[in-house]
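Every number here is computed from the coordinates shown, using simple stated rules; none is lab data. What you see is a predicted model, and the numbers here were worked out from it, not measured in a lab. All Cβ positions, even for glycine, are placed from backbone atoms using ideal geometry, and neighbour counts span all protein chains on display.
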Amino acid sequence: MTEFVFTFINILINVLIYAIIGRALISWFDPGFTNPVSRFLREVTDPILLPIRRLMPGGMMIDFSPMIAIFLLYFLQAMLVPR
């Protein structure tokens, strides 16, 4: 049973990482998030990215919150999923 939980956590974290990468790439082509796929990625990743954006200083030209979120997810994965 515990192996199932670890596998589920591992898959969930990987899906979130790919969703964040997808959102970052789509934002270059659809900055208004008008496409249904981009809206879905925004809804999935906002709970992770918005708290990070609130902690970061304003006025920066480049949004580093996806990179920070991916780093934190990799760290969480390394802490929770045994190798």
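See the values below:
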quantity: Phi to ³J(HN,Hα) by Karplus 6.51 cos²θ - 1.76 cosθ + 1.60 over the range 38-55, Hz, x for Gly, Pro; calculated: 5, 5, 4, 4, 5, 5, 6, 9, 4, x, 8, 7, 4, x, 5, 5, 5, 7
quantity: Kirkwood hydrodynamic radius of the chain, Cα pairs, Å; calculated: 13.9
quantity: Assigned charges on the beta-carbon of Lys, Arg, Asp, Glu; the chain dipole about Cα centre (debye); calculated: 100
quantity: Computed [θ] at 222 nm, helices only, for the chain once each DSSP H run of length n ≥ 4 contributes -39500 (n - 2.57); calculated: -27000 deg cm²/dmol
quantity: Ranked list, fewest to most other Cβ atoms within 10 Å of each Cβ, for Val5, Val81; calculated: Val5, Val81
